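Heads up: the structure comes next, in structure tokens.
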Amino acid sequence: MTSYCPACGKLVYFAEKIFALGADWHKSCFKCTNKECKKILTLGKQVDKNQKPYCAHCYNVYFGRTQYKQQFVKIQDFAGEDTEED
């Protein structure tokens, strides 16, 4: 069965493949999707969003707890503004 790497589009040979997120990847292509990070990921220690791998740090910064905290702060600020107007 022939498989192609979702990152680079090249053929993946058995000796160099990692199976993750439903596809075969080159070991060197299995990196964090964040363009500024590009950390090579270890199988089983990645986090995925929309079938794209991220390191735990980048996932938390862009999609995880940090984003939730920012939304929570905005809600608190909005509630505080209403209180000041009354």
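The values are calculated or read from the model by the stated rules, or taken from the named source; none is laboratory data. Since the structure is predicted, the reported quantities are computational estimates derived from the model, not experimental observations. Positions of Cβ are generated from backbone atoms using ideal geometry, with glycine treated the same way; all protein chains shown enter the neighbour counts.
Restricting attention to segment 2-24, which residues are of a type in the set (Phe, Trp, Tyr) and surrounded by 10 or more Cβ atoms within 10 Å (Cβ to Cβ)?
Initial filter on segment 2-24 (of a type in the set (Phe, Trp, Tyr)): 4, 13-14, 19.
Of everything in segment 2-24, those that are of a type in the set (Phe, Trp, Tyr) and surrounded by 10 or more Cβ atoms within 10 Å (Cβ to Cβ) turn out to be Tyr4, Tyr13, Phe19.
Taking every residue in segment 10-24 that is in the same structural domain as Lys45 (by TED's automatic domain parsing) and pairing it with any residue that is in a loop (DSSP other than H, G, I, E, B), at least 6 positions away or on another chain, yields no pair with a Cβ-Cβ distance below 8 Å.
Name the single residue, out of those in segment 47-71 being in a loop (DSSP other than H, G, I, E, B) and at pLDDT 85 or above, that is surrounded by the fewest Cβ atoms within 10 Å (Cβ to Cβ).
Initially, segment 47-71 is screened for residues in a loop (DSSP other than H, G, I, E, B), giving 50-51, 55, 63-64.
Now restrict to residues that are at pLDDT 85 or above: 50-51, 55.
On the way: Asn50: 7, Gln51: 11, Cys55: 21.
Only one residue fits best here, namely Asn50.
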